[in-house]
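Here it is: the structure, laid out below.
The values are calculated or read from the model by the stated rules, or taken from the named source; none is laboratory data. Quantities reported herein were computed from a predicted structural model and do not represent experimental measurements. Glycine also receives a Cβ, built like all others from the backbone with ideal geometry; neighbour counts cover every protein chain displayed. Only protein heavy atoms, including side chains, enter the accessible area calculation; ligands, DNA and RNA are left aside. Shrake-Rupley method; radii C 1.70, N 1.55, O 1.52, S 1.80 Å.
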Amino acid sequence: MHYDLIVRHGTCVLPWGSTQTDLGVRDGRIASLDVAITDTAEEEIDARHLHVLPGMIDSHVHFRDPGDGSVESMATGTRGAALGGITLTFDMPNTSPPVVSAEVVAEKASRVATSCLVDIGFYVGATRENTPELGALEKLPGVCAIKVFAGSSTGSLMIEDDAGIEAVLRHGHRRVAFHSEDEYRLQERRKLFEVGEPYENHMKWRDEECAFLGTRRIVALGHKTGRPVHILHTSTAEELAFLADNRDIASVEVLVNHLTQVAPECYETLGGLAVMNPPLRDRRHWEASWAAIRDGRVDVVSSDHAPHPLANKLKPWPTCAAGLTGVQTILPLMLDHVAAGRLSLERLVDLMSAGPARIYGLLTKGRIAVGFDADFTIVDLKARREIRNDWIASPVGWTPFDGQTVTGWPMATIVRGRQVMRDDEIVSGPIGRLARFAP
């Protein structure tokens, strides 16, 4: 047999377990999981001593596009993704202008082939004005989900009241993703703090009840309407315990930051570079997040990559911008957690490939199986590397993990059978396409 690409000698993480086998690719799809030694290909990759994972997915990024390209864009964001071993990203709608109409979705989609190094999907933001159109908007090519900001947003993208959220849930049928902090409590508690107070007050302002109250309200509305909901960046022990009893209607995302950074130490060492929403919390919540990873309550781990200029991060709290870079560092950090024994490599694949495919209804992605897209992330589980600011592709040029040494590193990023990154170098021009989803 002759293939376009053969990946030989790697330990492949298949849906039924890890095994050493040779993979054959033809026309961008996986054609064989058992290539013969006599088979040939236009290109071969020797993955000896490496692990071949299904393409890693970061299902929660903010590429700020359309917007200010000096902060981020689809081009720079997907470059960072490729360098970090990510083959597919889902981009959030709070851009300028926001992604709330078919026209903006079409404009973004028209630039994917010339901008993106990896594949991409788009969230559409829910507003009071576009609520009646959401059923049609969620069916547009490349749209991964409707996103509702029930807290921590501005302008038309904010829908904080139960009536408004219920209206969203009654238009369309696919799972709706939520930023679930309770805006009413946030605004009331904001009065308790002054500019210039310690950065750790961020977690005191946006406390556990802000998140838990928002999640309880949203899940109740999900049950009322029968519409499945996805709770983004779940950050508290209380939410995770509650969501375990509501798996029939709610799925769960946890961020790599909430699995990696612990308060108050992170605020003491990083200052504004630790400020994000929902906030980094104390060890009790860190431990609860890992317990939920281990017992299967968490469906997806993402980065919530949200770059800001460094000067805006260094301002006094709470005037500093909230949001951290992360699409390029999520996989090295999660591989380091694998090395530390906090989760298995197979569980990581479930959280960052099979999980997003299942939750969002991705077609032909999320597993190494015949007929699926030939998206592979090849990793060296023993490589020790230092994460550094000068490695970051985002124009803002910083990461809260600067100087941290990790064990485990992405060695190649392959999208639909084409190498995009190899040995820390971009080796392809833009080849991105819109992800496809079940209707």
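Considering only residues that are open to solvent by less than 50 Å² (accessible area, probe 1.4 Å), part of a loop (DSSP other than H, G, I, E, B) and charged (D, E, K, R), which ones fall in the stretch 354-376?
Result: LYS365, ASP375.
Quick check on my filter: what residues within the stretch 397-418 are out of contact with any strand residue (DSSP E or B) (no Cβ under 6 Å at 6 or more places or on another chain) and farther than 30 Å from GLY272 by Cα?
ARG418
Residue check: is SER152 in contact with a Ser or Thr (Cβ under 9 Å, 6 or more places away or on another chain) and under 25 Å from PRO97 (Cα atoms)?
Values: in contact with a Ser or Thr (Cβ under 9 Å, 6 or more places away or on another chain): no; under 25 Å from PRO97 (Cα atoms): yes.
Here the answer is no, as SER152 does not meet what is asked.
Still on this structure, I have one more. Looking at LEU134, LEU117, which one is open to solvent by less than 10 Å² (accessible area, probe 1.4 Å), modelled with pLDDT of 95 or more, out of contact with any Asp or Glu (no Cβ under 9 Å at 6 or more places or on another chain) and not in a strand (DSSP E or B)?
LEU134
So VAL99 ticks every box in (1) assigned to a helix (DSSP H, G or I); (2) of a type in the set (A, V, I, L, M, F, W, C); (3) over 30 Å from VAL338 (Cα atoms) but one. Which box is left unticked?
(1) is the only condition that VAL99 fails.
Follow-up. Quick test of your reading of the structure: SER344 fulfils all but one of (1) open to solvent by 20 Å² or more (accessible area, probe 1.4 Å); (2) polar (S, T, N, Q); (3) touching a residue at least 60 places away in the same chain (Cβ under 8 Å); (4) touching a helix residue (DSSP H, G or I) at 6+ places or on another chain (Cβ under 8 Å). Name the failing condition by number.
Of (1) open to solvent by 20 Å² or more (accessible area, probe 1.4 Å); (2) polar (S, T, N, Q); (3) touching a residue at least 60 places away in the same chain (Cβ under 8 Å); (4) touching a helix residue (DSSP H, G or I) at 6+ places or on another chain (Cβ under 8 Å), only one is false for SER344: (3).
In the stretch 281-304, is there at least one residue being over 29 Å from ILE120 (Cβ atoms), touching a residue at least 60 places away in the same chain (Cβ under 8 Å) and aromatic (Phe, Trp, Tyr)?
No: the stretch 281-304 contains no residue that is over 29 Å from ILE120 (Cβ atoms), touching a residue at least 60 places away in the same chain (Cβ under 8 Å) and aromatic (Phe, Trp, Tyr).
Considering each of LEU343, LEU335, LEU280, LEU351 in turn, give the residue that is under 30 Å from ILE30 (Cα atoms) and part of a loop (DSSP other than H, G, I, E, B).
Answer to the selection: LEU343.
Restricting to the stretch 151-182, count the residues that are in a helix (DSSP H, G or I), closer than 22 Å to HIS223 by Cα and at pLDDT below 95.
Our first condition is that a residue be in a helix (DSSP H, G or I); within the stretch 151-182, this holds for 155-157, 162-169.
Next, only the ones that are closer than 22 Å to HIS223 by Cα stay: 162-169.
Subset that is at pLDDT below 95: none.
Total meeting the criteria: 0.
Return the pair list, or none, for Cβ contacts closer than 7 Å from residues in the stretch 23-43 that are more than 18 Å from ILE378 (Cβ to Cβ) and of a type outside the set (D, E, K, R) to residues that are open to solvent by 40 Å² or more (accessible area, probe 1.4 Å) and part of a strand (DSSP E or B), at least 6 apart or on different chains.
Partner pairs satisfying both residue conditions: THR40/HIS2.
Further question: Hey, can you tell me all the residues within the stretch 138-150 that are part of a strand (DSSP E or B) and aliphatic (A, V, I, L, M)?
Applying the first criterion (part of a strand (DSSP E or B)) to the stretch 138-150 yields 143-149.
Listed by number, the residues that qualify are VAL143, ALA145, ILE146, VAL148.
Could you tell me whether the stretch 378-396 includes any residue that is in a strand (DSSP E or B), β-branched (Val, Ile, Thr) and touching a strand residue (DSSP E or B) at 6+ places or on another chain (Cβ under 7 Å)?
Scanning the stretch 378-396 turns up at least one residue that is in a strand (DSSP E or B), β-branched (Val, Ile, Thr) and touching a strand residue (DSSP E or B) at 6+ places or on another chain (Cβ under 7 Å).
When you check VAL379 against the structure, is it over 14 Å from the mean Cα position of the chain (by Cα), surrounded by fewer than 21 Cβ atoms within 10 Å (Cβ to Cβ), among the β-branched types (Val, Ile, Thr) and farther than 22 Å from LEU434 by Cα, yes or no?
No: the conditions fail for VAL379.
Could you pull out the residue among PRO439, PRO430 that is outside any strand (DSSP E or B) and modelled with pLDDT under 95?
PRO439
Scan the stretch 417-439 and report the pairs whose first residue is exposed (fewer than 15 other Cβ atoms within 10 Å of the Cβ) and whose second residue is among the polar types (S, T, N, Q), with Cβ atoms within less than 8 Å and a gap of 6+ or a chain change.
VAL427/GLN419
Further, regarding this structure: Within the bounds of the stretch 212-230, is there any residue that is without any contact (Cβ under 8 Å) to a residue 40 or more places away in the chain, in a helix (DSSP H, G or I), among the aromatic types (Phe, Trp, Tyr) and surrounded by fewer than 18 Cβ atoms within 10 Å (Cβ to Cβ)? Break it down into steps so the answer makes sense when it comes.
Step one: of the stretch 212-230, the residues without any contact (Cβ under 8 Å) to a residue 40 or more places away in the chain are 212-213, 215-216, 219-220, 223, 226.
When the remaining residues are screened for being in a helix (DSSP H, G or I), the result is 212-213, 215-216, 219-220, 223.
Then keep just the ones that are among the aromatic types (Phe, Trp, Tyr); that gives 212.
Those still in the list that are surrounded by fewer than 18 Cβ atoms within 10 Å (Cβ to Cβ) too: none.
Checking the stretch 212-230: not a single residue is without any contact (Cβ under 8 Å) to a residue 40 or more places away in the chain, in a helix (DSSP H, G or I), among the aromatic types (Phe, Trp, Tyr) and surrounded by fewer than 18 Cβ atoms within 10 Å (Cβ to Cβ).
Can you tell me which of (1) hydrophobic (A, V, I, L, M, F, W, C); (2) under 14 Å from THR377 (Cα atoms); (3) open to solvent by less than 10 Å² (accessible area, probe 1.4 Å) is the one LEU5 doesn't meet?
Every condition holds for LEU5 apart from (2).
Additional query: Could we say that GLU287 is outside any loop (DSSP other than H, G, I, E, B) and more than 22 Å from the chain's Cα centre (by Cα) here?
In short, no.
How many of the residues making up the stretch 231-270 are of a type in the set (Gly, Ala, Ser) and open to solvent by less than 10 Å² (accessible area, probe 1.4 Å)?
Number satisfying all stated conditions: 4.
Kindly state which strands (runs of 3 or more DSSP E) lie completely within the stretch 1-89 and contain at least 1 residues that are within 21 Å of the chain's Cα centre (by Cα) and within 24 Å of HIS179 (Cβ to Cβ).
On the way: elements: 2-14, 17-26, 29-32, 40-46, 51-54, 56-61.
It comes to 56-61.
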